[in-house]
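Just below is one structure, and these are the notes that go with it.
Each value in this text was obtained by applying a stated rule to the coordinates, not by laboratory testing. All figures in this text were calculated on a predicted structure; none of them were measured in a lab. A quick note on method: Cβ atoms are made from the backbone with ideal geometry, for glycine too, and the neighbour counts reach across all protein chains shown.
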Protein chains: 2
Amino acid sequence: MPVMNTNHHPDLAALTTPRLLLDEARMDHNIQRMQRRLDELGVAFRPHVKTTKCVDIARRQAAAGARGITVSTLMEARVFHAAGFDDILYAVAIAPARLDEALELARRGCRLTLVVASVQAAEMVAAHGRAQGHVHDVVIEIDTDGHRAGLKPDDAALPATARALTVVERGGARLKGVMTHAGSSYGLDQRDALIRLAEQERAGCVAAAQRLRDCGLTCDVVSVGSTPTALAAMNLDGVTEVRAGVYVFFDLVMAGTGVCRTDDIALSVLTTVIGHRVDTGWLVTDSGWMAMSRDRGTQRQAVDHGYGLVCDLAGTPIPGLSFAEANQEHGVLHWQGDPGTDLVARFPVGTLLRMLPNHACATGAQHGQYTVIDASAAPVATWERFRGW
Amino acid sequence: MPVMNTNHHPDLAALTTPRLLLDEARMDHNIQRMQRRLDELGVAFRPHVKTTKCVDIARRQAAAGARGITVSTLMEARVFHAAGFDDILYAVAIAPARLDEALELARRGCRLTLVVASVQAAEMVAAHGRAQGHVHDVVIEIDTDGHRAGLKPDDAALPATARALTVVERGGARLKGVMTHAGSSYGLDQRDALIRLAEQERAGCVAAAQRLRDCGLTCDVVSVGSTPTALAAMNLDGVTEVRAGVYVFFDLVMAGTGVCRTDDIALSVLTTVIGHRVDTGWLVTDSGWMAMSRDRGTQRQAVDHGYGLVCDLAGTPIPGLSFAEANQEHGVLHWQGDPGTDLVARFPVGTLLRMLPNHACATGAQHGQYTVIDASAAPVATWERFRGW
């Protein structure tokens, strides 16, 4: 007789793998936690839906108190607008060839805000608006940590960029404010350092807004955020809204920064053991990088989780198993526990495991659906997620 | 007036970005090259369609002389079978919970071959076949390079695994042969070493087949392959078929192994410059890891291409620009050329670039379509690619 695994959860065992699982109770807890914190700090919360690309989840965030959403693509803007979200910040500087799409969304009633970070881009957006008889709402991206894009708060080009949007009498664009994203927060793991970075993010963005106001310009919106800084901030004076995305699921990288625990992570990949290498102490699974993504975000953190943290069906980490390698549809787990363990007997072919992701945004992007599970790990719903640009 | 980029290709400039481009002429050349080489060596070629997940491309491979296909998921098996491909090797050891799906495909007329690599898995497959009144066609996976999965040619479990499939009088499975994949070839970059590994792959798989025949078992299929070993092999005596996937597009990792040149790479991501950081000499683009994947496969090679090789619209690499960082929808290119270059003037917002991928399988997986371009980089067709399990 074949060796059968009798340790299956009665519900998950009926599902094929690999499969993206979403723990609804953990997600709801994460949503409440962020909303409560930002309510305490007296700022609006505009969640970034790039993490989930899922209307069902954004509705939970809105029901908890979020105001508006942040998107990373115009595809997200279109899908969420069609689902009833009408206050949308497109937080990536727009490619000029996409301005017609932004206009179309605005004409369908979407209050879409665009981002620019240079005089050149501001001129392009304003010129497009003028040519089309439209006024684009725009915020200027501020760089508060040298991480990626934006103008420094004291950059000589900041007032010039604002004027390129607003001072041209012919219209075409309207300056709504400033936004920043302290993405370097992902590289920190000490609470003090995160608190300092959150203050740097706040202070830099508020200073940029003040500088524009000192030039006589209107600057209503002061938008900041990343999940770690949103959770670390001690005060947000002068800020009007915070943005964060990955907090809704959390992941191993976030756990590495210290802003959550691994048992807050709501996303996992259900996986089947498909083979063993007894000589090397390896388990082979059906979740390779196609199911997990190639993200190795914990590689530079204090604890490197390989391609994910290996858990049992209840979501509890299994000591001794490390997710060391990933090919397209093969995961390779290395056994680092008792060398006398009979891996074939303990984890026979067919054993189900759950893998916590390094980076929830990247792992989620590999899948077209969430299998939603309740607190007892029973499947209760399937939610769609989309992709594309 | 905004600075406009007048250096656009007249056709590509009409497309939004990020977008996956497929150079049809390069792909056809790659298809012909592999088929010709394996024809010379006197073996059948069974391309791995996990790279493309595209029926249009598999038809080109079949027209060039390929016999059958290799898949990495049962979703691929279903889609390609529905499109008329009926000889399919599912080259990943099957999860027991998926055996009903395999049976359903077989009952619809698909000649589907499964893979096992242990007595335990062989018993499960045979038991399923017996219970369902079906005979599963099975090959045994052989490990010829210690890279991932399979039984070593001299493993004591090899005859036992074959007997678990065949000797049980009640049926349920049939031993078709053996297969191996020398995936460690991706880590080599010297032609001599690739030739030696190809011979090791061949000899190990042939030895495993001989060992089974010496036990009185039938072993018709001896299947080997990876793109580098397929192109390096000097003889394939005893081998009946070769498998390879990424050769159809090639990529920077393959160029790093020496089996192709960068101007053989048929896949690229069309990208727009969306901003600059003048202080650091950075270009910001709209192709982050969502468009490129997180694959950093050239990181361990002699030339590390970051997240991709930056080219102009004609596909020619641009010296001085390195694709150093990728966030979800932002690429960051570092300028390492003449520090006096005015990046904003040379690469204004709106400039289109093309990024060659580290790993074509991973970059392709981030997209739902190929925009097919001809030798003059004019778009000529859109081909769908699918995903999921």
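Across chain A, the longest piece that holds none of the trypsin sites (Lys or Arg not before Pro) lying in DSSP loops with up to 10 other C-beta atoms within 10 Å covers A:1-169. Amide H contacts under 5 Å for B:Gln369: B:Arg385, restricted to partners 5 or more places along the chain or on a different chain, H placed in the peptide plane at 1.01 Å from N. Between A:Thr180 and A:Ile142, A:Ser223, A:Val224, A:Gly225, the built amide H atoms are under 5 Å apart, and every one of these is 5 or more places off in sequence or on another chain. Backbone phi angles across segment A:119-132, fed through the Karplus curve with coefficients 6.51, -1.76 and 1.60 (θ = phi - 60°), yield HN-Hα couplings of 4, 4, 5, 4, 4, 5, 5, 5, 4, 5, x, 4, 4, 9 Hz in residue order; Gly and Pro are listed as x.
For segment B:25-247, the residue among B:Ile140, B:Leu175, B:Met27 whose Cα projects farthest onto the positive side of the dipole built from Cβ charges is B:Met27. Among B:Gly308, B:Gly172, B:Gly133, the largest mean-square fluctuation in a Gaussian network model of chain B, built with springs joining Cα atoms closer than 10 Å, belongs to B:Gly133.
Plainly put, the tip 7 Å out from Cα toward Cβ on A:Gln132 is 5.3 nm from that tip on each other copy, the closest given first. Bridges between two residues of the protein assembly as shown, per DSSP, are antiparallel at a rate of about 50%. Applying 1/(1 + (r/R0)^6) with r as the Cβ-Cβ distance of A:Gln132 and A:Gln210 and R0 = 35 angstrom yields a FRET efficiency of 0.60. Computed from Cα atoms, the angle from the helix B:157-166 axis to the main principal axis of chain B rounds to 70 degrees.
Which single residue of chain B puts its beta carbon nearest to the axis of rotation relating B to A, and what distance, in whole Å, does that give? Residue nearest the B-to-A axis, with distance in whole Å: B:Arg294, 2. Rounded to the nearest 20 debye, the dipole magnitude of the protein assembly as shown is 900 debye, with +1 charges on Lys and Arg beta carbons, -1 on Asp and Glu beta carbons, and the Cα centre as origin.
Once each part is reduced to its C-alpha centroid, what is the distance from segment B:96-156 to segment A:263-302 in angstrom? Distance between centres, Cα-based: 22 Å.
Helix B:24-41 and the long axis of chain B differ in direction by around 30°, with both axes built from C-alpha atoms. Cβ-Cβ distance of B:Gln369 and A:Glu104, R₀ of 22 Å, FRET efficiency by 1/(1 + (r/R0)^6): the value works out to about 0.55.
Beta bridges from DSSP with both residues in chain B: antiparallel share about 50 percent, rounded to the nearest 5. Electrostatic bookkeeping for B:Asp100 treats Lys and Arg as +1 and Asp and Glu as -1; over the other residues with beta carbon under 15 Å from its beta carbon, the sum is +3. Each residue of segment B:297-302 was assigned a 3J(HN,Hα) from its phi angle through the Karplus curve 6.51 cos²θ - 1.76 cosθ + 1.60 (θ = phi - 60°); the sequence is x, 8, 4, 9, 9, 4 Hz, with glycine and proline shown as x. Helix B:191-214 and the longest principal axis of the Cα set of chain B meet at an angle near 20°.
Label-point spacing at A:Ala324 relative to the other copies reads 3.4 nm, in ascending order, each point sitting 7 Å out from Cα along Cα→Cβ.
Each residue, B:Ala314 and A:Ala13, gets one label point 7 Å from its Cα in the Cβ direction; the gap between the two is 6.4 nm. The mean number of Cβ atoms from other chains found within 10 Å of a Cβ in peptide A:330-343 is 1, as a whole number. Our coupling estimate for segment B:235-243, obtained by passing each phi through the Karplus curve with A = 6.51, B = -1.76, C = 1.60 and θ = phi - 60°, is 8, 10, 4, x, 8, 9, 7, 10, 10 Hz, Gly and Pro reported as x. The calculated FRET efficiency for the pair B:Ile195 and A:Gln190, based on their C-beta separation and a Förster distance of 41 Å, comes to about 0.20. Under a GNM of chain B (C-alpha, springs under 10 Å), which listed residue has the highest mean-square fluctuation: B:Ala97, B:Ala63, B:Ala302? In this elastic network of chain B, the residue with the biggest mean-square fluctuation among B:Ala97, B:Ala63, B:Ala302 is B:Ala97. In the elastic network of chain B, a GNM with C-alpha springs shorter than 10 Å, the most mobile of B:Val135, B:Val344, B:Val125 is B:Val344. Sites listed here are chymotrypsin sites (Phe, Trp or Tyr not before Pro) in segment B:310-387 whose DSSP assignment is loop and whose Cβ has at most 16 other Cβ atoms within 10 Å: B:Phe386.
Here's how it looks for A:Gly331: its modeled amide H is under 5 Å from those of A:Thr285, A:Asp286, A:Ser287, A:Gly288, which are all 5 or more places away or on a different chain. For A:Ile195, the point set 7 Å out from Cα toward Cβ sits 6.6 nm from its twins in the other copies, listed from shortest up.
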